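Enquirer: Structure in structure tokens, see below.
Read-outs: derived from the displayed coordinates by stated rules, not from any lab. Since the model is a prediction, treat every value here as computed from it, not as a measurement. Glycine gets a Cβ as well: all are built from the backbone with ideal geometry, and neighbour counts include every protein chain shown.
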Ligand code: OFO
């Protein structure tokens, strides 16, 4: 049976994954309207992934005798004027989620809840991968600055990043 303190922290994490999902959805929509097709596809997919992270928490809480709570949906006000600003928000969001996952690890250790600690390790690895990926995308965008051709190339590159990830996931599912 999950402790109330851990259940509450996991429900808070649900809200953070949902907020990340909606932030990426809003940014995907912005990219879509500015001709950044690859970036939009990438962010729509990332938004789905964050929802999947949220659902994993739902199942874990409920299977552990707790009660997963659907979070409040808050309006996302995205005010960006270029691709660099959009991906800076993405990277910031990932670093905040990492911080929150680390706090969960700390709480599980304090509470001697090794089952949840084991579950949350998946998020630790996932956050490492996502931070590395978002930082690398942001670095590339910063490198080209305002150069239209450069931004076009990055947008094309983001299409391939998405395709590779989708292929890898499909391969994993078949295995
Ligand atoms: Fe990358 O945010 Fe979920 O865990």
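Enquirer: Any idea which of 8, 16 is buried (at least 17 other Cβ atoms within 10 Å of the Cβ) and under 20 Å from residue 111 (Cβ atoms)?
Expert: Details: 8 fails: buried (at least 17 other Cβ atoms within 10 Å of the Cβ).
Result: 16 is the single residue among 8, 16 that is buried (at least 17 other Cβ atoms within 10 Å of the Cβ) and under 20 Å from residue 111 (Cβ atoms).
Enquirer: Sticking with this one: Condition first: within 14 Å of the ligand (Cβ to nearest atom), surrounded by 19 or more Cβ atoms within 10 Å (Cβ to Cβ) and either without any contact (Cβ under 8 Å) to a residue 12 or more places away in the chain or closer than 26 Å to residue 137 by Cα (or both). Can you find one or more residues in region 30-39 that meet it? Can you show your working first?
Expert: To start, the set of residues in region 30-39 that are within 14 Å of the ligand (Cβ to nearest atom) comprises none.
Scanning region 30-39 turns up no residue that is within 14 Å of the ligand (Cβ to nearest atom), surrounded by 19 or more Cβ atoms within 10 Å (Cβ to Cβ) and either without any contact (Cβ under 8 Å) to a residue 12 or more places away in the chain or closer than 26 Å to residue 137 by Cα (or both).
Enquirer: Which of the residues that make up region 70-100 are under 13 Å from residue 16 (Cβ atoms) and either in contact with a helix residue (DSSP H, G or I) (Cβ under 7 Å, 6 or more places away or on another chain) or more than 13 Å from the ligand (Cβ to nearest atom) (or both)?
Expert: 71, 72, 74, 93, 94, 95, 97, 98, 100
Enquirer: Among (1) under 13 Å from the mean Cα position of the chain (by Cα); (2) not in a helix (DSSP H, G or I), there is one condition residue 65 misses while meeting the rest; what is its number?
Expert: Residue 65 satisfies every listed condition except (1).
Enquirer: Give all pairs with beta carbons closer than 7 Å in which a residue from region 84-101 that is in contact (Cβ under 8 Å) with a residue 24 or more places away in the chain and under 21 Å from residue 140 (Cβ atoms) meets a residue that is more than 11 Å from the ligand (Cβ to nearest atom) and outside any helix (DSSP H, G or I); count only pairs at least 6 apart in sequence or on separate chains.
Expert: Between residues of region 84-101 that are in contact (Cβ under 8 Å) with a residue 24 or more places away in the chain and under 21 Å from residue 140 (Cβ atoms) and residues that are more than 11 Å from the ligand (Cβ to nearest atom) and outside any helix (DSSP H, G or I), the close pairs are 86/80; 89/80.
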